[in-house]
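The values are calculated or read from the model by the stated rules, or taken from the named source; none is laboratory data. Source: prediction; values computed, not measured. Cβ placement follows ideal geometry from the backbone for every residue including glycine, while neighbour counts extend to all protein chains displayed.
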Amino acid sequence: MAATAQSVLGGSQGRILIASGNPEFRRQMAMQTGGAKSQTEEAVGGAHALAKLVQFPCDGVLLDRHLPDLDAEEVAHMIRQKYPRIEVTFVDSKLAATDAHSVSASAEVAEPVNEEAAEEYCSSVETEGSLPGMIGQSAAIRRTYQLAKIVAGRDTTVLITGETGTGKELVAQAIHKLSPRTKHAFVAVNCAAIPESLLEAELFGHVRGAFTGAVQSRLGRIHVAQGGTLFLDEVGDLPLSMQAKLLRFLQNGEVQRLGSSDVYRVDVRVVCATNASLQEQVEAKLFRQDLYYRLAVFPIDLPPLRERGGDIALLAESFLHGFCNDAGFPMKSLTPAALGVLEQRKWQGNVRELQHVLERAFILSGNSREVCAQHVQAGNESREVREV
């Protein structure tokens, strides 16, 4: 007799997370686990499941062996390592598709995790050092490093979220540099900085005479990124008309320039970033749900600087040394009082704000070999701190 979704979870009546890229399979499994005492959550992939578990702790996870982004064994280990009380069960959406009578025939009891393989996996993803171009070793930012390194070698679409100034483009560049596409172009487009009337031509290109002012033909940014990575910053600001065109490109990998009937196939990996909640924009009918699911296959959330305990000192010293090198000055150092001022600040502008504060402090310190509290405090309304 085939096992049911609840029987493989030991009859759990708590919250169950169903992770699969197949929406029909998720729906069918949810029907099996549904009931007066049961709650279900759905995730469209492995990374989405890991993100869900942060906010919605579950009693059991039904994990599709055929995830669209990560290896199911890797995801299972990560869940068991972080949430040892959660029961993880593998299910098979492809096997279910061949069973015309019951989805339950696709469910199988999870096998124990091979501990040696698990240790080997951890050693491969918990790599030493940060991402290229990034600084920090706090637990919060190391999680970002881990996810970026896991996905870098794949062509999976990545959605990087986080507050303004957290370094989303740096993460996108690091993913590109660590990928097999590193020898090809990294093309960045700020979707919020280009007028809507010019955005289509900017992305897809145009031929001469396609519109007023088109005096010569031009390739779009997508075409320029051939073989490499296209980074769409502030993707949440895309107008709805462009969202439909971007979705069509993501579905078929084809580009058609404005004013031309010729269609070109391109090989481009897409990485997006936004400081807005795309889920809220979907609910407000400002962002297409189908495009959201296309972009959020592998979400990476960047922590704000205020949650990166210990990283402020590392970042501040790095920025200060960089300013000294650029100006040809001897190395300066931060006094303990100056560092104390930096660590007490809220940093609403995150890493970018810290960089600007250190640049101003470097200038104000003049020929001094030390950057003091009054230098880093300039322009800050908090109380004066004296050197001791």
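For the reader, a short list of remarks on this structure follows.
- Of the numbered criteria (1) at pLDDT below 85; (2) in a helix (DSSP H, G or I); (3) of a type in the set (Gly, Ala, Ser), the one ALA76 fails is (1).
- Highlighted here are the strands (runs of 3 or more DSSP E) found entirely within segment 174-283 that include at least 3 residues which are in contact with a strand residue (DSSP E or B) (Cβ under 8 Å, 6 or more places away or on another chain) and within 30 Å of PRO303 (Cβ to Cβ): 186-190, 229-233, 269-274.
- Filter pass, GLN226 being without any contact (Cβ under 8 Å) to a residue 24 or more places away in the chain and over 20 Å from ALA148 (Cβ atoms): no
- Qualifying residue in segment 124-147 (condition: part of a helix (DSSP H, G or I) and at pLDDT below 80): yes
- Hits in segment 53-71 - residues which are at pLDDT below 85, surrounded by 18 or more Cβ atoms within 10 Å (Cβ to Cβ) and either assigned to a helix (DSSP H, G or I) or in contact with a Phe, Trp or Tyr (Cβ under 7 Å, 6 or more places away or on another chain) (or both): LEU53, ASP69
- Test: residue in segment 107-118 that is at pLDDT below 85, surrounded by 20 or more Cβ atoms within 10 Å (Cβ to Cβ) and over 27 Å from ALA152 (Cα atoms): yes
- In segment 336-361, of all residues being surrounded by 20 or more Cβ atoms within 10 Å (Cβ to Cβ) and more than 26 Å from GLU169 (Cα to Cα), the one that is farthest from the chain's Cα centre (by Cα) corresponds to ALA338.
- Those helices (runs of 4 or more DSSP H) of segment 299-379 in which 1 or more residues are at positive phi occupy 350-364.
- Checking each residue in segment 14-39 for being surrounded by fewer than 21 Cβ atoms within 10 Å (Cβ to Cβ), outside any helix (DSSP H, G or I) and either at pLDDT 60 or above or in contact with a Ser or Thr (Cβ under 6 Å, 6 or more places away or on another chain) (or both) picks out GLY14, ARG15, GLY21, ASN22, GLY34, GLN39.
- Where GLY220 falls short, out of the listed (1) under 24 Å from GLY162 (Cα atoms); (2) touching a Leu at 6+ places or on another chain (Cβ under 7 Å): (1)
- Residue in segment 217-229 that is in contact with an Asp or Glu (Cβ under 7 Å, 6 or more places away or on another chain), charged (D, E, K, R), crowded, with 16+ Cβ neighbours inside 10 Å and over 24 Å from ALA47 (Cβ atoms) present: yes
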